[in-house]
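Here is the structure we will look at.
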Amino acid sequence: MAYTALFAVLLAVCAWIAVPAPVPFTLQTFAVFCAMGMLGGKRGTACALLYIFLGMAGIPVFSGFAGGVGVLFGATGGYIVGFIFLGLTYWLITGCFGYSAAVTAAAMILGLLVCYAFGTVWFMAVYARASGPIGLGTALGWCVIPFIIPDAVKLALALALTKRLKKYIGV
């Protein structure tokens with residue numbers, strides 16, 4: 001339980017770190033990947049749930065020091081909720097095929113794709129309700145394509161870090 005809580009706090013801290021770029025991004029997905037790699041699918045998913053529950057309670061754990069249910073029901077809230085589905089995908093794949101480096105990497109990649117899919121559908125629904133319908137290509141261009149390379153770098157860093165740290169931490 002302590003590791004799950006610790007990684008939920010790490011996720012909150014990483015949400016507050018914004019990397020300036022043409023399209024700024026946070027380190028949330030890096031923390032989610034680290035949680036999955038270090039804790040496994042079950043406890044990593046519990047970490048994502050705890051993070052979301054803390055945010056729903058109004059604690060400012062989301063990016064921009066935001067908190068509350070309104071953040072989750074906003075246009076990009078689906079990507080945060082998508083962390084749960086990322087974790088469940090990771091848990092399913094590693095549960096079936098083990099924890100080799102290739103399986104772990106594939107599970108993280110597929111989990112990220114599931115998170116992208118869930119978040120994009122959510123974004124399209126919220127955006128359509130507020131401003132009118134939006135095409136899938138436009139939504140992907142705004143919400144996914146600019147983040148593919150940063151997320152790939154974060155995934156690779158998390159894989160390297162968890163591979164080295166896991167042998168030193170009795171998780």
All positions within the range 118-158 that are closer than 17 Å to residue 11 by Cβ and surrounded by fewer than 17 Cβ atoms within 10 Å (Cβ to Cβ): 157
Qualifying residue in the range 4-24 (condition: free of Cβ contacts under 8 Å to residues at least 12 places away in the same chain, assigned to a helix (DSSP H, G or I) and among the β-branched types (Val, Ile, Thr)): yes
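Scan the range 100-127 for residues that are more than 16 Å from residue 139 (Cα to Cα) and without any contact (Cβ under 8 Å) to a residue 24 or more places away in the chain and report the count.
Summing the residues that are more than 16 Å from residue 139 (Cα to Cα) and without any contact (Cβ under 8 Å) to a residue 24 or more places away in the chain in the range 100-127 gives 5.
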All positions within the range 133-142 that are outside any helix (DSSP H, G or I) and either in contact with a Gly (Cβ under 8 Å, 6 or more places away or on another chain) or farther than 13 Å from residue 75 by Cβ (or both): 133, 135
Filtered residue count, the range 44-68, keeping only those that are over 14 Å from residue 115 (Cβ atoms) and buried (at least 19 other Cβ atoms within 10 Å of the Cβ): 8
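Taken together, the values in this text are just the output of simple stated rules run on the coordinates, not laboratory data. Quick caveat: nothing in here was measured; it's all calculated off a predicted structure. Ideal geometry is used to build each Cβ from the backbone, glycine not excepted, and the neighbour counts take in all protein chains shown.
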